[in-house]
Amino acid sequence: MKIMAVDYGDARTGIAVCDRTEFLASPVGTIEEKDFDRLVEKVAYMAQQYEVGEIVVGLPLNMNGSKGPRAQKSELFANALNQATDIPVNMWDERSTTVTAAGILNETDVRGKKRKKVIDTVAATVILEAYLEFRRKRKSREQSQQ
């Protein structure tokens, strides 16, 4: 099943999608949109265009696991997206994904304006890769219990 990951932001929102085998997470791009409702519409439209069966929205928890204002905004976004489409929407703990994305961009020497444009997309890809790994491990555990 194709899965879309969303790194929600107030100004820029990163999008990544995996292939049907759930093996390869690929960056799709960044949506630059500050209007909440229009962003929900754009992400819902992209989910339909990419024919995804599930959407995963990053949940930026605090390092101690608590929910701050950013996590609450992400939950509002996920709920609005869930209402805008009949595709299941789930939240995924995204602690440190932006740090990981920044590390990836440092390794590839992406700086300045280009970095600002792609960091959210890279973060969405990191979220999706972590989610796919979780699914693989869960499936493997279930198969070994049979």
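The values are calculated or read from the model by the stated rules, or taken from the named source; none is laboratory data. Please read all numbers here as calculations on a predicted model, not as lab measurements. So basically every Cβ, Gly included, is an ideal-geometry build from the backbone, and we count neighbours across all protein chains shown.
Yes or no: region 55-76 includes at least one residue that is more than 26 Å from Lys137 (Cβ to Cβ), polar (S, T, N, Q) and either at pLDDT 90 or above or touching a strand residue (DSSP E or B) at 6+ places or on another chain (Cβ under 8 Å) (or both). Outline the logic, then answer.
Initially, region 55-76 is screened for residues more than 26 Å from Lys137 (Cβ to Cβ), giving 68-70, 72-73, 76.
Remaining after also requiring polar (S, T, N, Q): 72.
Checking which are either at pLDDT 90 or above or touching a strand residue (DSSP E or B) at 6+ places or on another chain (Cβ under 8 Å) (or both) leaves us with 72.
Checked region 55-76: at least one residue is more than 26 Å from Lys137 (Cβ to Cβ), polar (S, T, N, Q) and either at pLDDT 90 or above or touching a strand residue (DSSP E or B) at 6+ places or on another chain (Cβ under 8 Å) (or both).
The set of residues in region 77-99 that are at pLDDT below 90 and surrounded by 18 or more Cβ atoms within 10 Å (Cβ to Cβ) comprises Glu94, Thr97, Thr98.
Annotation note: Cβ proximity below 9 Å between a residue of region 18-32 that is under 15 Å from Gln49 (Cβ atoms) and a residue that is among the polar types (S, T, N, Q) and surrounded by 15 or more Cβ atoms within 10 Å (Cβ to Cβ) (sequence gap 6+ or interchain) occurs for Ser26/Thr125; Val28/Thr121; Val28/Thr125; Gly29/Thr121; Ile31/Thr13. Suppose the filter is in contact with a Gly (Cβ under 8 Å, 6 or more places away or on another chain), modelled with pLDDT under 90 and not acidic (Asp, Glu); does Asn106 pass it? It is false that Asn106 is in contact with a Gly (Cβ under 8 Å, 6 or more places away or on another chain), modelled with pLDDT under 90 and not acidic (Asp, Glu).
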